[in-house]
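Visitor: Got a structure for you, questions after.
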Amino acid sequence: MVIYDEKQQEIAEKINPKAIISNWKDWKWQLKNSIKDISTFERLTGIKFEKKKRALLEQTVAKFPLSITPYYLSLIDTTDYKNDPFFLQSFPSPSELIVEKYDMIDPLSEDRDSPVTGIIHRYPDRVLFHISNICSMYCRHCTRKRKVGDIDSIPGKDDIAKGIEYIRNTPVVRDVLLSGGDPFMLSDNYLDWILTELQKIPHVEVIRIGTRMPVVLPYRITNELVAMLKKHHPLWINTHFNHPRAITDSSIEALRKLADAGIPLGNQTVLLAGVNDCPRIMKRLVHRLVQNRVRPYYLYQCDLSEGLSHFRTPVGKGIEIMESLIGHTSGFAVPTYVIDAPGGGGKIPVMPNYLISWSTNKVVLRNYEGVITTYKEPDSYEPIFCDRNCKSCKLQLKLDGAEEKHAIGIEKLLSDYDDAISLIPENNDRMDRRSERKDYE
Ligand code: SF4
């Protein structure tokens, strides 16, 4: 009996002595045999925890559930597990029980920006739609720890229908991001139904799916799933690789199937202390991603969710990583480093400073090598006055009615047609949507 490698074979045999290669590659077998308790983890890995530590681990699992696929377990280096990136991302740590002063249960205020169950409407033209709250593996650094894995809040078909109804009745929504939990925990048929219903809505221009399956359970990317997804273009997929070692032969195969189906792939990495807080690891990761047709999209500063304090790094670590990427490697391999605003303001990009100074006709810049240079601005530039009447504008944009009704944020302060001299967040659409939610009055 040959499975993949010796380690996978050993794990499979410990799970079931009769396991064969097709079992290991069967995503349902993987799910059925996911490790959900400390004893099974100990039995399969040979790692033993002493009594006091074990009690703390049990306490942690009671608060934040444990689930590791046999596949992901096979990536753990048991000879140095305490420093292993896969162990740290999948196995509970008693540090999760520590609640720091600035920790929050819902740091991004998702519940406040939720007009109906499952929908988060934070940005002007797009929504996040939680269609599942279970995952094949529960990442210890998950920002939605409060909900993910809670079997009492699995969205039912009625909830999903209400979410679709909200999108149907909200014409500003042109982009829907299906998230969770992991949307690929749903069956192909159910997902097909959701995608079909969303695509019937004329103002939905694009659908995105956020999934960690290529990382934690690549066998979920079956030919059948891909054939179904292919019917629903334009469809984009974002996945979540945090470490270059996670890009294995199996995950490469999953990514290849998705990319060959014409699905643009992006990756969101979370900056995690002890896992990937190193410029060299990050550079290797982004190179491995683009080699496999995955565009590094975001590098996230770890959120202020409860139980994540041991994973957080100073923001300076992220800046240092960006400094080591920008200019040092291909531009399309560089993600945008973001802090998701506590309280729900959305993602805020942060990066090293390249603009050193400026005068009325020159800017002074520095490059990645430390070269300091000047860019001379034009002596004569005729600004185009914009009164938002695109029909009479000489730029001839012919926007077919796609013009935005009004400007938001700094854009408003910079505009010619708005007299605003300061920003009053209370008056924006997001705050209006929140105020319509009576349960928060
Ligand atoms: S796959 Fe995503 S939603 Fe699920 S536990 Fe991991 S980070 Fe959280």
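Bear in mind these aren't lab numbers, they're just calculated from the coordinates by the rules spelled out. Note that this is a predicted model, so its numbers are computed, not measured. In this analysis, Cβ positions are derived from the backbone assuming ideal geometry, glycine residues included, and neighbour counts consider all displayed protein chains.
Visitor: Which loop-located GluC sites (Glu not before Pro) does the stretch 1-93 contain, where loop means any DSSP state but H, G, I, E or B and the Cβ has at most 12 other Cβ atoms within 10 Å?
Guide: Sites meeting the loop and neighbour criteria: GLU50.
Visitor: Here's something else I'd like to know. Could you pull out every residue, at least 5 positions away or on a different chain, whose amide H is within less than 5 Å of the one on LEU178? Hs are placed 1.01 Å off N in the peptide plane, and Pro or chain starts have none.
Guide: PHE129, ARG208, ILE209, GLY210
Visitor: OK, next. If you take the beta carbon distance between CYS390 and PHE332 as r and set R0 to 41 Å, what does 1/(1 + (r/R0)^6) give as a FRET efficiency, to the nearest 0.05?
Guide: 0.85
Visitor: Which ordering of THR79, THR374, THR211 is given by a fewest-first count of other beta-carbon atoms within 10 Å?
Guide: Ranked by crowding around the Cβ, least crowded first: THR79, THR374, THR211.
Visitor: What is the sum of charges around ILE194, taking Lys and Arg as +1, Asp and Glu as -1, for the other residues whose C-beta is under 12 Å from the C-beta of ILE194?
Guide: My count for the surroundings of ILE194 gives -2.
Visitor: Let me ask you something else. How big is the equivalent ellipsoid of the stretch 1-99 along its three axes, where each semi-axis is √(5λ) from the Cα gyration tensor, reported in whole Å from largest to smallest?
Guide: Computed over the stretch 1-99, the values are 25, 14, 12 Å.
Visitor: Further, regarding this structure: For each of VAL173, VAL350, count neighbouring Cβ atoms within 10 Å of the residue's Cβ, then give the residues from fewest to most.
Guide: Sorted ascending by nearby Cβ count, the order is VAL350, VAL173.
Visitor: Assigning unit charges at the beta carbon (Lys, Arg +1; Asp, Glu -1) and nothing else, what dipole magnitude in debye, to the nearest 20, does the chain show about its Cα centre?
Guide: 1060 debye
Visitor: Let me ask something else. Which whole-number value in Å³ per residue fits the convex hull of the alpha carbons of the stretch 200-343?
Guide: 135 Å³
Visitor: Just to be sure I understand the model, the point goes 7 Å from the Cα along the line to the Cβ. What's the resulting ALA227 to LYS28 distance in nm?
Guide: Here the answer is 1.6 nm between the modelled labels.
Visitor: Two decimals, Cα atoms only, Kirkwood Rh: what is Rg/Rh over the stretch 101-152?
Guide: We get a ratio of 0.98 for the stretch 101-152.
Visitor: Which semi-axis lengths, in whole Å and largest first, follow from the square roots of five times the eigenvalues of the Cα gyration tensor of the stretch 114-256?
Guide: 24, 18, 14
Visitor: Next question, about the same structure. Give the value in nm², to one decimal: projected area of the alpha carbon convex hull of the stretch 262-312, averaged over all directions.
Guide: Averaged projected hull area, Cα only: 4.0 nm².
Visitor: Could you list the square roots of 5 times each eigenvalue of the Cα gyration tensor of the chain, that is, the equivalent ellipsoid semi-axes, sorted largest first and rounded to whole Å?
Guide: Equivalent-ellipsoid dimensions as semi-axes: 40, 27, 23 Å.
Visitor: Another question, if that's okay. Just PRO171, PRO94, PRO65 to compare: in a GNM of the chain, with alpha carbon springs under 10 Å, which one fluctuates most?
Guide: Among PRO171, PRO94, PRO65, the largest GNM mean-square fluctuation belongs to PRO171.
Visitor: Using modelled amide H (1.01 Å from N, peptide plane; none on Pro or chain starts), what sits under 5 Å from the amide H of PHE241, excluding residues fewer than 5 places away?
Guide: Answer set, sorted by chain and number: GLN268.
Visitor: Determine, for TRP29, TRP193, the number of other Cβ atoms within 10 Å of each Cβ, and report the residues in order from fewest to most.
Guide: TRP193, TRP29
Visitor: A follow-up question, please. Quick one: net charge around TRP27, please, counting Lys, Arg +1 and Asp, Glu -1 for every other residue with C-beta under 14 Å from its C-beta.
Guide: +1
Visitor: So for the chain: antiparallel DSSP bridges make up what percent, rounded to the nearest 5?
Guide: Around 35 percent antiparallel, to the nearest 5.
Visitor: Now a separate question. Give the lysines reachable from LYS14 as a straight Cα distance under 21 Å; neighbours fewer than 8 places away on the same chain don't count.
Guide: LYS25, LYS28, LYS32, LYS36, LYS48
Visitor: With a sphere of radius 13 Å drawn around the Cβ of THR373, what net charge do the other residues whose Cβ falls strictly inside it have (Lys, Arg +1; Asp, Glu -1)?
Guide: Net charge around THR373: +2.
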